[in-house]
Amino acid sequence: MPRAKIKGIGTSIPEKILSNYDLEKMVDTSNQWIVERTGIHQRRIVEPGTTTSDLATEATKNVLASTGTAATDVDLIVCATITPDMILPATACLVQDRIGAKHCWGFDLSIACSGFLYALQVGAQFIETGAHKNVIVLGVDVMSSIIDYTDRQTCIIFGDGGGAALLTPCQEDEEGGIIDFIHEVDGSGGQYLCLPGGGSKYPANHETVDGKMHYIHQEGKVVFKYATRKMPELCLKLLQRNGYTSDDVSLFVPHQANLRIISAAADRMNMPMERVLVNIDEYGNTTAGTLPLALDTALRKGRLKKGDLVLFAVVGAGLSAGAMLMRWA
């Protein structure tokens, strides 16, 4: 079976910047406090009325243009997001219509910060079985739509944005592509990072709105401990079972949740920070959008070249975690 490779990346980043100094005027916080605890200096926020499908459509058009791929050649769109335009239809359907991908199907995948990596593996299955040749994988979120900007614990972390990857089969003479993955969830920790309102348990009403149940609720210490443990644990397990060590990794691309989490994971893996991609200072945590934005940063800065062994890692709500190993093609 052919391996699936990422042929290109397209992104969509809002122009509006919300800096730490802006947040100082909104909640009881400071630039120094935010930087010390998260590594974030600023994040991007959409203008009112801009939706996830707007960003996803732009990112998809960008990756199609950069790879010279016609929308009519797209077979499947998998959209990872927890901020869909609406409960139904799926955001993937809106993107399909707006780009004119007349011959494709699609669906949304909801697993928060782990979304893009999970969606990437789902898309890869259709490539590797030979069912499809062009799969768009989206990781996009408008987190400002579900953030309480009076809650210091969450409003300092999240930003808006994301990107699209085009998955295609590796050619016979190519040695790149997705090598292996590990994904897992621990649903017993689901209550520590959740958005309670709006589902079948707590349908929207005056009580849920007044109780701020349509915003993200997070137990930061619990999530931090889970992330610092799970990220290196899965990465080391994945490397070992494929006959690699941290020394073989050209670039480690972790979910951009918190600089302290990233640093702790790298330390436990004996991975020098110069081989770790970090851009949380620019964008904050864009949830499903962090990995495509990180790949875009790596490509723009010349930190990815053909043949590089790339290690991805994610942690997020669920609680969920995952790692993927890829040879860049």
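The values are calculated or read from the model by the stated rules, or taken from the named source; none is laboratory data. The shown structure was predicted, so the numbers you read here are calculated from the model rather than taken from an experiment. Neighbour counts run over all protein chains shown; Cβ positions are idealised from the backbone, glycine included.
Can you list residue pairs whose Cβ atoms sit under 8 Å apart, with the first residue in the stretch 32-48 being outside the structural domain of residue 12 (by TED's automatic domain parsing) and the second being in a helix (DSSP H, G or I) and among the aromatic types (Phe, Trp, Tyr)? Count only pairs 6 or more apart in sequence or on different chains.
none
Which pairs turn up if I take residues in the stretch 232-249 that are touching a residue at least 24 places away in the same chain (Cβ under 8 Å) and look for partners that are among the hydroxyl-bearing types (Ser, Thr, Tyr) and surrounded by fewer than 18 Cβ atoms within 10 Å (Cβ to Cβ) with beta carbon separation below 9 Å, at least 6 apart in sequence or on another chain?
236/245; 238/244; 239/245
Does residue 32 satisfy being at pLDDT 95 or above and either out of contact with any Gly (no Cβ under 9 Å at 6 or more places or on another chain) or of a type in the set (Asp, Glu) (or both)?
It is true that residue 32 is at pLDDT 95 or above and either out of contact with any Gly (no Cβ under 9 Å at 6 or more places or on another chain) or of a type in the set (Asp, Glu) (or both).
Could you list, in sequence order, all residues of the stretch 1-58 that are surrounded by fewer than 17 Cβ atoms within 10 Å (Cβ to Cβ) and either closer than 30 Å to residue 307 by Cα or among the small types (Gly, Ala, Ser) (or both)?
Of everything in the stretch 1-58, those that are surrounded by fewer than 17 Cβ atoms within 10 Å (Cβ to Cβ) and either closer than 30 Å to residue 307 by Cα or among the small types (Gly, Ala, Ser) (or both) turn out to be 1, 2, 19, 30, 49.
Could you please find all residues in the stretch 234-257 being more than 15 Å from residue 180 (Cβ to Cβ) and either hydroxyl-bearing (Ser, Thr, Tyr) or surrounded by 18 or more Cβ atoms within 10 Å (Cβ to Cβ) (or both)?
The answer is 246, 250, 251, 252, 253, 254, 255, 256, 257.
Taking the condition closer than 24 Å to residue 73 by Cα, modelled with pLDDT of 95 or more, among the aliphatic types (A, V, I, L, M) and touching a Lys or Arg at 6+ places or on another chain (Cβ under 6 Å), does residue 166 pass?
Yes.
Condition (residue is out of contact with any Asp or Glu (no Cβ under 6 Å at 6 or more places or on another chain), touching a residue at least 40 places away in the same chain (Cβ under 8 Å), crowded, with 21+ Cβ neighbours inside 10 Å and not aliphatic (A, V, I, L, M)) applied to the stretch 60-79: is it met by at least one residue?
yes
Taking the condition of being farther than 19 Å from residue 289 by Cα and polar (S, T, N, Q), how many residues in the stretch 97-134 meet it? Before the answer, list the steps.
Just the residues of the stretch 97-134 that are farther than 19 Å from residue 289 by Cα, to begin with: 97-105, 125-134.
Now restrict to residues that are polar (S, T, N, Q): 125, 129, 134.
Matching residues across the stretch 97-134 total 3.
Only one of (1) in contact (Cβ under 8 Å) with a residue 40 or more places away in the chain; (2) in a loop (DSSP other than H, G, I, E, B) is not met by residue 302, so which one is it?
(1)
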